[in-house]
Amino acid sequence: GRELVDEPTALGLLASVTTGRPVNPGAVHLANAHAFIEDHLTDPGLTAASVAAGIGISERHLSRAFAAGGTSVPRFVLERRLERARALFLTAPQTPVAEVAARCGFGSPAHFSHAFSTHFGIRATDLRRQAQAGQLS
């Protein structure tokens with residue numbers, strides 16, 4: 001699975017601790033945001049505003065921190081939800097698609113199905129069927 005903090009962020013935080021240099025606030029905000037998002041990923045109401053409020057910074061600072069990493073809050077949340085859904089299909093293939101969608105924070109099974117097939121290039125139902133048949137390793 002994906003780590004909560006990407007390697008460059010983790011290395012930057014570690015370097016600042018070991019060298020005594022000031023910590024890059026953007027890296028700290030990003031690490032805090034990633035952790036907050038992981039903790040609230042199943043909440044369909046998770047937004048950039050709720051993440052910013054949850055970690056005590058403005059939406060503008062949050063957006064800048066994500067932009068520096070080449071993404072946005074909504075894109076990151078969507079990707080994390082899709083990755084979690086894929087992992088659920090692989091570990092619990094008997095779980096219905098609509099239930100996986102709900103357990104991963106999607107308010108609509110139709111939106112989930114479209115986003116899943118766009119992101120992974122395979123329909124969620126097909127991945128689930130392959131996992132049930134033991135065709136995936």
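Is at least one residue of region 40-56 closer than 20 Å to Phe112 by Cβ, open to solvent by 20 Å² or more (accessible area, probe 1.4 Å) and touching a Lys or Arg at 6+ places or on another chain (Cβ under 7 Å)?
For region 40-56, residues closer than 20 Å to Phe112 by Cβ, open to solvent by 20 Å² or more (accessible area, probe 1.4 Å) and touching a Lys or Arg at 6+ places or on another chain (Cβ under 7 Å): present.
Out of region 90-137, which residues are over 19 Å from Leu78 (Cα atoms), of a type outside the set (S, T, N, Q) and in a loop (DSSP other than H, G, I, E, B)?
Of everything in region 90-137, those that are over 19 Å from Leu78 (Cα atoms), of a type outside the set (S, T, N, Q) and in a loop (DSSP other than H, G, I, E, B) turn out to be Ala92, Pro93, Pro96, Ala133, Gly134, Leu136.
Read through the list (1) surrounded by 14 or more Cβ atoms within 10 Å (Cβ to Cβ); (2) on the phi > 0 side of the Ramachandran plot, then give the number of the only condition that Ala85 fails.
Here Ala85 clears every test but (2).
Which residues, counting only those in region 61-71, are open to solvent by 20 Å² or more (accessible area, probe 1.4 Å) and either part of a helix (DSSP H, G or I) or free of Cβ contacts under 8 Å to residues at least 12 places away in the same chain (or both)?
Matches in region 61-71: His61, Ser63, Arg64, Ala67, Ala68, Gly70, Thr71.
Could you check region 97-112 and list, in sequence order, the residues that are under 18 Å from Gly45 (Cβ atoms), free of Cβ contacts under 8 Å to residues at least 60 places away in the same chain and of a type outside the set (A, V, I, L, M)?
Answer for region 97-112, where residues must be under 18 Å from Gly45 (Cβ atoms), free of Cβ contacts under 8 Å to residues at least 60 places away in the same chain and of a type outside the set (A, V, I, L, M): Ser108, Pro109, His111, Phe112.
The values are calculated or read from the model by the stated rules, or taken from the named source; none is laboratory data. This structure is a prediction, so every number in the text was calculated from the model and none was measured. All Cβ positions, glycine included, derive from the backbone under ideal geometry; neighbour counts span all protein chains shown. For accessibility, only protein heavy atoms count, side chains too; no ligands or nucleic acids. Shrake-Rupley method; radii C 1.70, N 1.55, O 1.52, S 1.80 Å.
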